[in-house]
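Below: one structure, written as structure tokens.
The values are calculated or read from the model by the stated rules, or taken from the named source; none is laboratory data. On a predicted model such as this, the values are computed, not experimentally measured, just so you know. FYI the Cβ positions are ideal-geometry reconstructions off the backbone, even for glycines, and counts take in every protein chain you see.
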Amino acid sequence: MAHELTTSYVKDSTGVFRYYKKLAERAMAQCPDDALFTALDAESNSIGIIVKHMAGNMRSRWKDFLTTDGEKPDRDRDSEFEAPPKTRAEMIAMWEGGWKYVFDALEPLTDAELTRTVTVRSKPHSVMQAITRQVTHYAYHVGQISFLAKHFVTKSGRKWESLTIPRGQSKQASANIASGQRPDHWMGEK
């Protein structure tokens, strides 16, 4: 998606969510299958566990977004950090299911609804605050996924494909972007 100047918070936030989704997907695609379910140590989470947690959070926060609390009574958050999915396909199905909740909630929203009140854990948030809360949460976990994927790719002896501008190529990328020869990496372009 090309960067587009917008004054719509809903449109911009939706684009940012799509960008982070794509970054994580490009990172996970490079990661060896077994490494998706490997934690660096006993206190760390694997990519599979992070995806399971994000999917659980997405269902809880975005299902019936405007009408129910963002912490659903049937959510068992602690279980999201146990028993990762068993296969890449199972993990990706969780991932896609979680993001479906996000985009199904965001796509019909209008900027006029940004000042409406929703609750998360019984605490009032404006719709804008609730969206921002999730943008930051998902960016945090996408960073973890990217870090872990890069670690396991390079550890396996394979070459990591940069998700944005590779090291040492900033000046050339900026020149190419300015001249229209290369799209900007922001918002998922590569």
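At a glance:
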{"item": "Some residue of the stretch 162-170 being of a type outside the set (Lys, Arg) and in contact with a helix residue (DSSP H, G or I) (Cβ under 6 Å, 6 or more places away or on another chain)", "result": "yes"}
{"item": "The stretch 60-96, subset among the polar types (S, T, N, Q) and part of a helix (DSSP H, G or I), residue farthest from Lys123 (Cα to Cα)", "result": "Ser79"}
{"item": "Pairs with Cβ under 6 Å, 6+ apart, first in the stretch 121-145 and within 14 Å of Met58 (Cα to Cα), second surrounded by 14 or more Cβ atoms within 10 Å (Cβ to Cβ) and aromatic (Phe, Trp, Tyr)", "result": "Tyr138/Tyr20; Ala139/Tyr20; Val142/Tyr20"}
{"item": "Which listed residue is buried (at least 17 other Cβ atoms within 10 Å of the Cβ), of a type in the set (Lys, Arg) and farther than 22 Å from Val16 by Cα, from Arg88, Arg77, Arg158", "result": "Arg88"}
{"item": "Test: residue in the stretch 43-64 that is surrounded by fewer than 17 Cβ atoms within 10 Å (Cβ to Cβ) and under 16 Å from Leu148 (Cα atoms)", "result": "yes"}
{"item": "Evaluation of Tyr101 against (1) in contact with a Lys or Arg (Cβ under 6 Å, 6 or more places away or on another chain); (2) in a loop (DSSP other than H, G, I, E, B); (3) of a type outside the set (A, V, I, L, M, F, W, C) (one fails), failing number", "result": "(2)"}
{"item": "Near pairs, Cβ below 7 angstrom, 6+ apart or cross-chain, from the stretch 37-56 (without any contact (Cβ under 8 Å) to a residue 40 or more places away in the chain) to any residue that is in a helix (DSSP H, G or I) and surrounded by fewer than 20 Cβ atoms within 10 Å (Cβ to Cβ)", "result": "Ile49/Phe81"}
{"item": "Of residues in the stretch 129-162 being at pLDDT 95 or above and of a type in the set (Ser, Thr, Tyr), the one nearest to Arg116 (Cα to Cα)", "result": "Thr132"}
{"item": "Tyr138 vs. criteria part of a helix (DSSP H, G or I) and either touching an Asp or Glu at 6+ places or on another chain (Cβ under 9 Å) or closer than 26 Å to Thr38 by Cα (or both)", "result": "yes"}
{"item": "Hits in the stretch 178-190 - residues which are buried (at least 16 other Cβ atoms within 10 Å of the Cβ) and either in a helix (DSSP H, G or I) or at pLDDT 85 or above (or both)", "result": "Met187, Gly188"}
{"item": "Filter result for the condition that a residue is farther than 25 Å from Ala39 by Cα and loosely packed, with under 15 Cβ neighbours inside 10 Å, over Ala175, Ala130, Ala93", "result": "Ala175"}
{"item": "Selected residue (only one of Ser146, Ser174 is in a helix (DSSP H, G or I) and more than 16 Å from the chain's Cα centre (by Cα))", "result": "Ser174"}
